[in-house]
Amino acid sequence: MKPEVAGRLNGIGEYYFSQKLREIEELNKNGEPIINLGIGSPDMPPPPEVIKVLQDESAKSNVHAYQSYKGVPALRKAIAGWYQKWYGVEVNADTEVLPLIGSKEGIMHISMAYLNEGDEVLVPNPGYPTYRSATLLAGGKCIDYELKEDNGWEPHFEALEREDLSKVKLMWVNYPHMPTGQAPSREIFEKLVAFGRKHNILICHDNPYSFILNEKPMSLLSVEGAKDVALELNSLSKSHNMAGWRIGMLCGNKQRIEDVLRFKSNMDSGMFLPLQLAATKALTLDKKWHDELNTIYKKRREKVFELLDNLDCIYNREQVGLFVWAKIPGTYLDGYALSDDVLKNARVFITPGGIFGSAGDKYVRVSLCSTEEKFKEALDRIAKISVQKA
Ligand SMILES: Cc1ncc(COP(=O)(O)O)c(C=O)c1O
């Protein structure tokens with residue numbers, strides 16, 4: 001159809017979940033509603049005091065104007081304080097912090113700020129699909145680095161070093177890792193910083209899961225000298241139950257923040273002030289609040305383990321984050337086949353691991369963002385079909 005879409009959309013499909021949700025809606029029109037255990041969108045609210053700030057502030061008459069592109073000082077200070085308190089990392093609130101409309105947009109901004117046509121980018125396989133699409137949209141070339149279970153889902157640095165890395169500009173990393181649930185270690189963070197320094201690669205760490213079922217939140221920026229070679233994205237989406245609010249942040253050295261702001265300030269404007277002030281409040285939540293949230297996720301995770309036992313899947317009980325990642329039994333060709341079977345016969349949706357890259361083909365991912373009752377119901381439905389299969 002004329003006019004044709006731009007060439008940059010070649011190879012970029014509709015986001016998997018956007019398509020799948022339409023299919024689920026169709027299925028919902030006939031028969032029992034599908035239980036959707038796919039998306040990692042927290043189903044619980046942020047605490048009332050955070051919502052109250054949004055309510056009170058938005059009722060004022062003088063808060064509706066455009067805001068600074070860099071975010072208000074109160075939010076930037078709160079982000080710096082949060083990094084200090086939880087990660088032991090010092091960032092300068094004026095120069096080393098940039099509030100974002102979610103970390104997803106930050107992935108695009110970083111790609112647009114740094115990539116020229118043909119520049120290479122190391123992307124994890126399996127990994128969050130946006131690293132790949134943002135790279136392609138910005139004209140870059142994705143170089144997969146495979147993460148393997150027997151290597152603790154860590155990059156194989158020796159294998160990477162045998163490759164020609166001269167055109168690689170960025171490397172996307174993400175620990176706690178989505179979708180495998182692998183927690184970070186000090187050693188892996190140190191290795192990443194050393195790797196970035198040695199090869200002049202900007203290490204882009206995406207860190208939205210550090211508070212979920214993870215005893216010790218860690219930042220890549222806590223490694224000595226990390227700011228020279230790394231940027232870190234973070235988010236209130238999962239840690240504070242604020243996914244729909246769209247609040248994230250980028251931390252890194254002054255020059256990098258200015259680079260990204262040069263692009264971002266031409267794309268959007270500052271966030272609604274009451275949102276920024278409510279986010280400021282959210283960043284002061286204490287350990288008790290996070291512990292209570294994690295107690296709920298822990299109970300849900302037990303149910304998900306049971307559900308996966310019913311499907312003969314194998315998983316690591318030590319994994320962290322908002323999902324459970326599990327290896328499928330040999331009776332299924334791949335995670336798509338298992339997911340389709342469960343969707344069709346049990347009317348439960350679980351995510352096939354292959355959407356995160358070919359290395360995820362033999363896996364599925366189950367989200368913890370449903371109530372315990374829903375998990376029980378899903379378990380009942382799945383138990384019935386497992387019996388049929390046997
Ligand atoms: C690894 C990873 N990074 C980033 C995001 C996006 O988070 P945000 O809501 O902050 O844009 C997600 C959301 O699912 C994710 O899984």
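Key figures for this structure:
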quantity	calculated
Cross-chain or 6+ apart pairs with Cβ under 8 Å, region 49-63 first and more than 11 Å from L273 (Cα to Cα), then basic (K, R)	E49/K281; V50/K281
Count - residues of region 340-355 that are farther than 30 Å from N234 by Cα and under 23 Å from the mean Cα position of the chain (by Cα)	1
Residue tally, condition open to solvent by less than 90 Å² (accessible area, probe 1.4 Å) and within 30 Å of H177 (Cβ to Cβ), over region 1-22	11
Residue count, region 156-168 (criterion: assigned to a loop (DSSP other than H, G, I, E, B) and touching a Leu at 6+ places or on another chain (Cβ under 8 Å))	0
Scan of region 199-244 for residues that are near the ligand (Cβ under 9 Å from one of its atoms) and either buried (at least 22 other Cβ atoms within 10 Å of the Cβ) or among the acidic types (D, E) (or both), ordered by number	D206, N207, P208, Y209, L233, N234, S235, L236, S237, K238, M242
Those residues of region 95-112 which are within 13 Å of the ligand (Cβ to nearest atom) and not in a helix (DSSP H, G or I), in sequence order	P99, L100, I101, G102
Candidates L261, L307, L275 - the one that is buried (at least 18 other Cβ atoms within 10 Å of the Cβ), away from the ligand (no atom under 16 Å from the Cβ) and over 17 Å from the mean Cα position of the chain (by Cα)	L307
Pairs where the first residue, in region 229-251, is within 18 Å of Y114 (Cβ to Cβ) and the second is among the acidic types (D, E) and within 8 Å of the ligand (Cβ to nearest atom), C-beta under 7 Å, 6+ apart	L233/D206
Hits in region 130-164 (condition: out of contact with any strand residue (DSSP E or B) (no Cβ under 8 Å at 6 or more places or on another chain) and surrounded by 17 or more Cβ atoms within 10 Å (Cβ to Cβ))	T130, S133, A134, L137, A138, W153, E154
Residue in region 193-215 that is under 27 Å from Q84 (Cβ atoms), touching a residue at least 24 places away in the same chain (Cβ under 8 Å) and among the basic types (K, R) present	yes
Among (1) open to solvent by 50 Å² or more (accessible area, probe 1.4 Å); (2) out of contact with any Pro (no Cβ under 6 Å at 6 or more places or on another chain) - the single one D312 does not satisfy	(2)
Counted residues, region 348-361 - those being surrounded by fewer than 20 Cβ atoms within 10 Å (Cβ to Cβ) and either hydrophobic (A, V, I, L, M, F, W, C) or not in a helix (DSSP H, G or I) (or both)	1
Matching entry among G81, G71 (being away from the ligand (no atom under 12 Å from the Cβ) and not in a loop (DSSP other than H, G, I, E, B))	G81
Yes/no for E117 being open to solvent by 30 Å² or more (accessible area, probe 1.4 Å) and more than 16 Å from the ligand (Cβ to nearest atom)	yes
Residue list for region 246-258, restricted to those being within 16 Å of the ligand (Cβ to nearest atom), open to solvent by less than 10 Å² (accessible area, probe 1.4 Å) and farther than 10 Å from E232 by Cβ	I247, G248
First in region 155-184 and within 22 Å of G360 (Cβ to Cβ), second anywhere and of a type in the set (D, E) and not in a loop (DSSP other than H, G, I, E, B), Cβ under 7 Å, 6 or more apart	W172/D206; N174/D206
M171 under 18 Å from the mean Cα position of the chain (by Cα), over 20 Å from G196 (Cβ atoms) and either within 16 Å of the ligand (Cβ to nearest atom) or assigned to a loop (DSSP other than H, G, I, E, B) (or both)	no
Number of the condition not met by I382 [criteria: (1) closer than 15 Å to I34 by Cα; (2) aliphatic (A, V, I, L, M); (3) in a strand (DSSP E or B)]	(3)
Selection status of I79, touching a Leu at 6+ places or on another chain (Cβ under 6 Å), in contact (Cβ under 8 Å) with a residue 24 or more places away in the chain and not polar (S, T, N, Q)	no
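The values are calculated or read from the model by the stated rules, or taken from the named source; none is laboratory data. Keep in mind it's a predicted model, so treat the numbers as computed, not measured. Glycine gets a Cβ as well: all are built from the backbone with ideal geometry, and neighbour counts include every protein chain shown. For accessibility, only protein heavy atoms count, side chains too; no ligands or nucleic acids. Shrake-Rupley method; radii C 1.70, N 1.55, O 1.52, S 1.80 Å.
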